[in-house]
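Student: Here it is, the structure in full.
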Amino acid sequence: MAKSPNSFVDLPFALSQHGLLCFGGLELTKNECATGCEAFAGRKTLLIDNAGADMWRIFSKSVEYADGNRDPMNRWTQLVLDEIAQDLQCDVFYPFDAPYWPFQKLASKAAGIQFSPLRISIHPEYGYGMRSEECLCLTTGMNM
């Protein structure tokens, strides 16, 4: 496992070691929070996604990929981002765990992602296929 960041300055490098990147950020409003999570309103939030083929190259060498257990990508993503979130003392949310956050809505607002009529995500810089499925929710007052 790559070294986790000690500060948000180190976050892009830490994410890149796993083939991930931060592609947008926003301050959550009450309407953007998952049901029952309205207390997170006002917190700064970063959206995390894969950085193309790098993530697959790294993930495909992981224990989770090879162990034959269910949901290897979910488990690997959670392992990586839980460690980063713990080091940064922030929360992390996933699309595969309740409560369910409106990731597409957040991605659209945070990074200008648009959706085709087939609901395929299109990022203005990275193109189509951004999953926009993980969020690091920062403690109020932390700078992005």
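Student: Taking the residues in the stretch 5-35 that are buried (at least 19 other Cβ atoms within 10 Å of the Cβ) and assigned to a helix (DSSP H, G or I) as candidates, determine which candidate is nearest to the chain's Cα centre (by Cα).
Tutor: Leu15
Student: Hey, another quick one. Among all residue pairs at least 6 apart or on different chains, which show Cβ distances below 9 Å where the first residue, located in the stretch 10-21, is closer than 12 Å to Ala53 by Cα and the second is polar (S, T, N, Q) and at pLDDT 90 or above?
Tutor: Correct list of pairs: His18/Thr77; Leu20/Thr77.
Student: Now a separate question. Find the residue count for the stretch 36-78, including only residues that are assigned to a loop (DSSP other than H, G, I, E, B) and at pLDDT 90 or above.
Tutor: 13
Student: Only residues that are within 16 Å of the chain's Cα centre (by Cα) and within 18 Å of Lys105 (Cβ to Cβ): list them for the stretch 41-55, please.
Tutor: Passing the criteria: Arg43, Lys44, Thr45, Leu46, Leu47, Ile48, Asp49.
Student: Sticking with this structure for a sec: Quick one: count up the residues across the stretch 55-71 that are in contact with a helix residue (DSSP H, G or I) (Cβ under 7 Å, 6 or more places away or on another chain) and either closer than 22 Å to Glu32 by Cβ or in contact (Cβ under 8 Å) with a residue 12 or more places away in the chain (or both).
Tutor: 3
Student: Of the residues Asp91, Asp71, Asp49, Asp82, which single one is exposed (fewer than 15 other Cβ atoms within 10 Å of the Cβ) and within 14 Å of Cys135 (Cα to Cα)?
Tutor: Just one listed residue meets the conditions, Asp82.
The values are calculated or read from the model by the stated rules, or taken from the named source; none is laboratory data. Computed from a predicted model, the values in this text were never measured in an experiment. No Cβ is skipped: glycine too gets one built from the backbone with ideal geometry, and neighbour counts run over all protein chains shown.
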